[in-house]
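Everything below concerns the one structure shown next.
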Amino acid sequence: MKNILSYTPDELKALMVEIGEPAYRAGQIFSQLHKGIALSEMTNVGKKTKAELESLMDCAFPLVRRKLVSALDGTVKYLFELSDKNCIESVVMKYEHGYTICISSQVGCRMGCRFCASTIAGKVRDLEAGELLGQIIAAQRDLNIRISNVVMMGIGEPLDNFDNVVKFLRIVNLPEGINIGYRHISLSTCGVVPKIYELSKLDLPITLSISLHAPDDDTRSAIMPVNNAWGVGELLDACREYYKVTGRRMSFEYTLISGKNDSPDSAVHLANVLNSKLRSRSETMPIHVNLIPVNEVEESGFKSSGRDSVRRFAAELEKRGIRATVRRTLGSDINASCGQLRREESQS
Ligand code: SAH
């Protein structure tokens, strides 16, 4: 059954009319749901209507199956259970400017990145638009807060679930719904090139984050199988097009793995490839590289780079006009990186 949160206001309206209810009810139901009021709790919807809707669709919010709160920085990690008992993870982080949620886009992932815990058991299924929204709604409801920023960096590859993700983006932006501006949303991809072009055509001013992790095809293909389909050159061409169409700054994720991609030479190579592919004399595309010492996942055997290598890597980039920041680790005491909690749960 389709989740009630996957309906747009217009779709809900059409459905209400179909079941013989006044169309205006749809608006009331939509805005309450997206504020975190469950259908069963609504006082202005009759019993009969509720029962009818419940027979036609899944009306539940994601269930909090586990919740871990960091004693260090208040980061909250959720293991949410969906109606079919599958579990996904979301993380809520507090910054000076407000709350950011990191959400999952699929149950599992089929992209096979060698350092990543979410992909080890493959992909189970895509999430519906409503299950993406549900993570935000359930977290806001549980914590009694308003979330202002969304990053799609949890479990799954968002561009491998394109239609549902785009539908999610449009609904989360609605003023009568969760009302989060596109500029407050980042989508992270391992580089599904044709979908980057497709996304650029939609002209949604979100921030695109590219998980690059290596400056050359040999290194990248060894850690990210997706690179065998679309190499670094093709990926950066797509990034350039995305910037040309949307004008949005790009950000690149670079996970530092000891002895694999973290040498000063790699940094020089990275700066050169970004500058030559993305910047010409007439264009100074703003580029930001986020450096993330790899979170050690037992199965991968990869080791995190030391502080000095990280600092040196950043310095080489900066010297060549590329802004680089070392990601602050939040929630390190609760295993806040993606995929690890779901994996723990499925093995227990
Ligand atoms: N599939 C998307 C989004 C999910 S992963 C993508 O690939 O971008 C979110 C980010 O975490 C990506 O940059 C990913 O490469 C990174 N990541 C995954 N496993 C990691 C690990 N063990 N240590 C550090 N970063 C990791």
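The values are calculated or read from the model by the stated rules, or taken from the named source; none is laboratory data. It should be emphasised that the depicted structure is a prediction, and the values quoted were computed from it without experimental measurement. Neighbour counts are summed over all protein chains in view; Cβ atoms, including those assigned to glycine, are modelled from backbone coordinates with ideal geometry. For the accessible areas, the whole protein counts, side chains as well, though only heavy atoms, and no ligand, DNA or RNA atoms are used. Shrake-Rupley method; radii C 1.70, N 1.55, O 1.52, S 1.80 Å.
Carbon and sulfur together cover what percent of the accessible area of segment 63-347 at a 1.4 Å probe radius?
47
Segment 227-255 and segment 104-128 have Cα centres separated by 21 Å. Between helix 9-18 and the chain, what is the angle of the helix's C-alpha long axis to the longest principal axis, kept within 0 to 90° and rounded to the nearest 10? Taking Cα atoms only, the helix is inclined about 30 degrees. Computed from Cα atoms, the angle from the helix 193-202 axis to the main principal axis of the chain rounds to 50 degrees. Using a Gaussian network model of the chain in which every pair of alpha carbons under 10 angstrom is joined by a spring, one finds that among VAL92, VAL124, VAL76 the greatest mean-square fluctuation is at VAL124. The label-point distance for ASN86 and LYS303, in a model that sets each label 7 Å from Cα toward Cβ, rounds to 3.7 nm. Under a GNM of the chain (C-alpha, springs under 10 Å), which listed residue has the highest mean-square fluctuation: ALA71, ALA314, ALA271? Most flexible of the set in this elastic network: ALA71. Here the gap between VAL17 and ARG66, fully extended at 0.36 nm per residue and compared with their Cα-Cα distance, gives a gain of 13.8 nm. Neighbours of VAL226, meaning other residues whose beta-carbon lies under 12 angstrom from its beta-carbon, give a summed charge of 0 when Lys and Arg score +1 and Asp and Glu score -1.
Taking a temperature of 25 °C and a viscosity of 0.890 mPa s, what whole-number D in µm²/s does Stokes-Einstein yield for the chain with Rh from Kirkwood over alpha carbon pairs? For the chosen part, D equals 116 µm²/s. Beta bridges per DSSP, both residues in segment 63-347: antiparallel share near 45 percent.
Net charge near VAL268, counting Lys/Arg +1 and Asp/Glu -1 over other residues with Cβ under 13 Å of its Cβ?
Working: positive: ARG312, LYS319, ARG320; negative: ASP216, ASP262, ASP265, GLU316, GLU318.
Around VAL268, the charge tally is -2.
Take the alpha-carbon centre of segment 161-212, take the same for segment 1-68, and report the distance between them in whole Å. Distance between centres, Cα-based: 24 Å. The helix-only estimate of mean residue ellipticity at 222 nm for the chain, built from DSSP H runs of length n ≥ 4 each weighted as -39500 (n - 2.57), is -11500 deg cm²/dmol after division by the residue total.
For GluC sites (Glu not before Pro), the sites in segment 254-327 that DSSP calls loop and that have at most 16 other Cβ atoms within 10 Å are GLU283, GLU296.
Surface exposure of the chain, expressed per residue as accessible area with a 1.4 Å probe, stands at 44 Å².
The solvent-accessible area of GLU18, taken with every protein chain present and a 1.4 Å probe, is close to 150 Å².
Scanning residues 5 or more positions from VAL124 or on other chains, those with amide H under 5 Å from its amide H are VAL107, GLY108, CYS109, with H placed 1.01 Å from N in the peptide plane.
Annotation: amide H-H contacts under 5 Å for VAL289 (H modelled 1.01 Å from N, sequence separation of 5 or more, or interchain): PHE252, ARG323, ALA324, THR325. The loop-placed trypsin sites (Lys or Arg not before Pro) in segment 293-331, going by DSSP, that have at most 16 neighbouring Cβ atoms within 10 Å of their Cβ come out as LYS303, ARG320, ARG327, ARG328. Here the spin labels are modelled as points 7 Å beyond Cα on the Cα-Cβ line, and at THR284 and ARG110 they lie 4.4 nm apart.
By the rule of a C-alpha distance below 29 Å, with chain neighbours fewer than 8 residues away ignored, the lysines paired with LYS244 are LYS167, LYS195, LYS201, LYS277, LYS319. Looking only at GLY259, GLY331, GLY108, which one moves most when the chain is put into a Gaussian network model with springs between Cα atoms under 10 Å? Comparing GLY259, GLY331, GLY108 in a Gaussian network model of the chain, the most mobile one is GLY259.
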